[in-house]
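We did not get these values from a lab; they are worked out from the coordinates using the rules stated. Worth saying up front: this structure is predicted, and the values here are computed from it rather than measured. Positions of Cβ are backbone-derived with ideal geometry, glycine not excepted, and every protein chain shown enters the neighbour counts.
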């Protein structure tokens, strides 16, 4: 089962980051003598697909800007990335960059919430264990 | 595998590690008077050591007379021999058991319907004599080399379960076509990335292999949620095991051919996800990568679904009508992994013509995702009825 909007949702950005991290992680493994040619092949496939996704995202944003330039400019304005277009002289960069930035900020917030919960839960477990130990000693 | 029955949800018993079978760890694992064990070869509850590398296939079945024969025949064609095939005929009212026996499988039949697929599997678990237990659905056939490709993943002692690539056997109706694209996308793009990080979110219940001793030690398949496969996968992670996804091991289940069955399946899957999160959230926080995979899935299930139903129509009404194109925004991005996966199978045209159906299925999928979120999380009305998905 697929949850969310594949690729354009938060999942899309998350898997993009995981894909970018794959060759870095594998290079580290290879340096440590744990490399595996089969894994490199898989990384090449995933990275190729991700490159294709990037190209189509920009192509699509360009098409949208052709179809509805007003709406594209409004979206860039709303996301605060209109300057990007003025600077780069494009109509699409702002839209794509804006979408990426909004998703990235959301992803960072989700990551912060997850790790805060994790640390909070870990601290609570340790405090409970310490409390039980103190009671046992008493 | 069982139609409209109420789930029992006993608490997990405290279990000590053991290498021998303890058949009464869950209530449903206890045989009762009236259980029938009919087999071509003698079949008894297994006690003692297991032959290394041996494999039993366990198939829960309820009214699967039409499909069980093909399933067993596909097992008999495997390039890597299957040692035992056990069908749990969960009080079918058709000839499921008879047909399974005729095709050479061992058949066990409880005295009463077990209420859900997990419970039916647990009924069969004590009879599994082999080191590995492969659970497959009664409507699922395997590629001839599926077992040969899947089993080596279990050579690593740290691996607790392995699953394969899932593709619908029939791609005819709109719903089957939508599911075909959904699977091609997920199993070509998401799942290999999850596997690289050692954290597939779920070992699909229709085709996964486990270590029998560990399954027994853990009390079998959990019956506390309607997503027993996801529940078991996350139990394995909590126990420190890894789960592997093997893209070359392919299985072909029958997917819901119409809206009625699709609705039931989506409701069960979505409810299963929310139930698993509520049961496992503390353990999930300790598992690197998986915690973020699940958090992102949670976010998208609620927020992306809301965007789909509310934001896009509002933008189209109040800003610009062409915002309606937002529904098709990700078509090229979906098409790339889908066409890559389809190209490998020589099914490009089938994939291209099926893509529109994916959008219909996704719309329905989001609706049930939001509905089950409301029922399970806000209204606290848990789904406790296990209904067949086809």
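Legend: calculated FRET efficiency, residue B:248 to residue B:51, from the Cβ-Cβ distance at R0 = 41 Å, rounded to 0.05, equals 0.95. Which one, B:52, B:288, B:152, has the greatest fluctuation when you compute a Gaussian network model over chain B with C-alpha springs under 10 angstrom? Between B:52, B:288, B:152, it is B:52 that shows the largest mean-square fluctuation. The calculated FRET efficiency for the pair residue A:40 and residue B:364, based on their C-beta separation and a Förster distance of 35 Å, comes to about 0.35. With a simple spin-label model that places each label point 7 Å from the Cα along the Cα-to-Cβ direction, the separation between residue A:108 and residue B:77 comes to 5.4 nm. Tell me, what is the FRET efficiency for residue A:101 and residue A:55 to the nearest 0.05, using R0 = 30 angstrom and their Cβ-Cβ distance as r? So the FRET efficiency works out to roughly 0.95.
By other beta-carbon atoms within 10 Å, ranking A:36, B:206 with the fewest at the front produces A:36, B:206.
Note on A:48, B:93: ascending count of other Cβ atoms within 10 Å places them as B:93, A:48, the fewest first.
Report summary: the helix-based calculation at 222 nm, which adds -39500 (n - 2.57) for every DSSP H run with n ≥ 4 and divides by the residues of chain B, gives -11500 deg cm²/dmol. Inter-label distance, residue B:349 to residue A:124: 5.9 nm, where each label sits 7 Å from its Cα along the C-beta direction.
Could you grab the Rg to Rh ratio for region B:290-386? Cα atoms only, Kirkwood for Rh. Write down the numbers at each step before the final one.
Details: Rg = 16.5 Å, Rh = 15.7 Å.
Using only Cα positions, Rg/Rh for region B:290-386 is 1.05.
Our estimate of slack between residue B:224 and residue B:98, defined as 0.36 nm per intervening residue step minus the Cα-Cα distance, is 42.3 nm. Label-to-label distance, residue A:20 versus residue A:47, with points set 7 angstrom from Cα along the beta-carbon direction: 1.4 nm. Rounded to two decimals, the Cα-based Rg/Rh of chain B, with Kirkwood Rh, is 0.96. Relative to the longest principal axis of the Cα atoms of chain B, helix B:228-238 runs at roughly 80 degrees.
Please compute the length gained on full extension between residue B:381 and residue B:324, using 0.36 nm multiplied by the number of residues separating them and subtracting their Cα-Cα distance. Kindly include the intermediate steps, with their values, before the conclusion.
Numbers: separation 57, 0.36 × 57 = 20.52 nm, distance 3.38 nm.
Result for the pair: 17.1 nm of gain on full extension.
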